[in-house]
2 protein chains.
Amino acid sequence: MDKKIIPKTTLGRLPRYLQYLKTVSASGCKTISATSIASNLFLGEVQVRKDLALVSGAGKPKTGYDVDRLTQDVERHLGQHEMASAILVGAGKLGKALLDYYGFREFGVDIVAAFDCNEKVLNSSPMSKPIMSLTEMKDFCKKNNVRIGIITVGQGSAQSVCDLLLDCGIIAIWNFAPCNLNVPNGVVLKQENLALSLAHLKNQIS
Amino acid sequence: MDKKIIPKTTLGRLPRYLQYLKTVSASGCKTISATSIASNLFLGEVQVRKDLALVSGAGKPKTGYDVDRLTQDVERHLGQHEMASAILVGAGKLGKALLDYYGFREFGVDIVAAFDCNEKVLNSSPMSKPIMSLTEMKDFCKKNNVRIGIITVGQGSAQSVCDLLLDCGIIAIWNFAPCNLNVPNGVVLKQENLALSLAHLKNQIS
């Protein structure tokens, strides 16, 4: 499958393109121009052409893009046809908020379970996703082909949780603990620091 | 007060500098070199000099930085002496997780209250921060000089909540709803899309 890594900014616009293309398709149109897409989505035309070139190729002169093909290409890049399973470790407030958030599915990721060492929180997700003991993690990851792990534990245990995830076959880690993690080459690590985002906002008005 | 807007990456390292400077001060040292700081924090020396030039100025040849002065400058840029108050609207799972997260204080921001239109969630924060009705928001913001607003409601009501916040005197908005917001010039807007971060991570391993 021909699939490039596309920039996060482009990726962020794909759900809007998809939504619009579906209304175009529903209205019976078979082709659509970059100009129409741009004006309907309040985007620049150059921007639209660049985005769509990354996911689908260029439109044809005069006719534009084939709506069905473009829709399929956008869906493919959003990964909606190949849902990836993720797990998270640390079923505290933030962990549970992420576990029960369904917006991830729009981008082709499903957080299928959480793990925690605190027995009190086990099996307690309101959306009935399982919260399990850490001892069950390795088996679960193998059976469900999980390759994405999310760390929502405190700073003190983040590295040991990270090591545990790697041992379970995880190759991409999204870390919410405010600390640096050591991962081997080939593992993708994304550090999320919410406090830092808020601090940066504050600094802009101070 | 001489205070520049410093890059987010530098800001992110300030808590580490501060922690280290406190141990240096406790050991009785009055001055410290960029070389020592760099080697102790596993950072590049050029990086350290650049960071500290932004918050405090250059060290002196041979003696380096004055530990007390540097500590004060780092603290000032972290804004710990001038805590800013923020409120959030939408006391769902994510809203409550942010409301009760104390890591923001390290960067000089305190989320002091949440607001929601659902009466069932009012007054229910486990950390005993108030969750109030939207009708009380304007008075609260004025009395507490709140200038930062966080939006954790759904996409459908985000713009109306945004307008309400602006009407309350808010000048910086952190939006977690997955949609674009219209704000007037002069208002700082930071769009947070957690689903997008996860999607980007997924695309790097697909």
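The values are calculated or read from the model by the stated rules, or taken from the named source; none is laboratory data. For clarity, every value in this text was computed on a predicted model and none was experimentally measured. No Cβ is skipped: glycine too gets one built from the backbone with ideal geometry, and neighbour counts run over all protein chains shown.
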Filter the range A:1-15 down to residues that are hydrophobic (A, V, I, L, M, F, W, C), within 11 Å of B:Gln204 (Cα to Cα) and modelled with pLDDT under 80, then give me how many there are.
1
Out of all the residues in the range A:154-162, is one or more in a loop (DSSP other than H, G, I, E, B), within 30 Å of B:Met83 (Cα to Cα), over 20 Å from the mean Cα position of the chain (by Cα) and not basic (Lys, Arg)?
yes
Can you pull out the residues in the range A:126-160 that are out of contact with any Leu (no Cβ under 7 Å at 6 or more places or on another chain) and over 22 Å from A:Tyr101 (Cα atoms)?
A:Thr135, A:Glu136, A:Lys138, A:Asp139, A:Lys142, A:Lys143, A:Gln155, A:Gly156, A:Ser157, A:Ser160
What number of residues within the range A:86-121 are under 13 Å from the mean Cα position of the chain (by Cα) and either under 13 Å from A:Met137 (Cβ atoms) or assigned to a loop (DSSP other than H, G, I, E, B) (or both)?
4
Could you figure out which of (1) closer than 27 Å to A:Gln19 by Cα; (2) surrounded by fewer than 19 Cβ atoms within 10 Å (Cβ to Cβ); (3) out of contact with any helix residue (DSSP H, G or I) (no Cβ under 7 Å at 6 or more places or on another chain); (4) not hydroxyl-bearing (Ser, Thr, Tyr) isn't true of B:Cys179?
(3)
Do any helices (runs of 4 or more DSSP H) lying entirely in the range B:6-83 carry at least 1 residues that are more than 23 Å from B:Gly103 (Cα to Cα) and either within 14 Å of chain A (Cβ to nearest Cβ) or small (Gly, Ala, Ser) (or both), and which ones are they?
B:8-26, B:34-41, B:45-55
Filter the range A:163-193 down to residues that are under 15 Å from the mean Cα position of the chain (by Cα) and in contact (Cβ under 8 Å) with a residue 24 or more places away in the chain and give me whichever is farthest from A:Asp139 (Cα to Cα).
A:Phe176
Selection from the range A:122-153 of residues that are over 29 Å from B:Arg16 (Cβ atoms), under 22 Å from the mean Cα position of the chain (by Cα) and either of a type in the set (Asp, Glu) or assigned to a strand (DSSP E or B) (or both):
A:Ile131
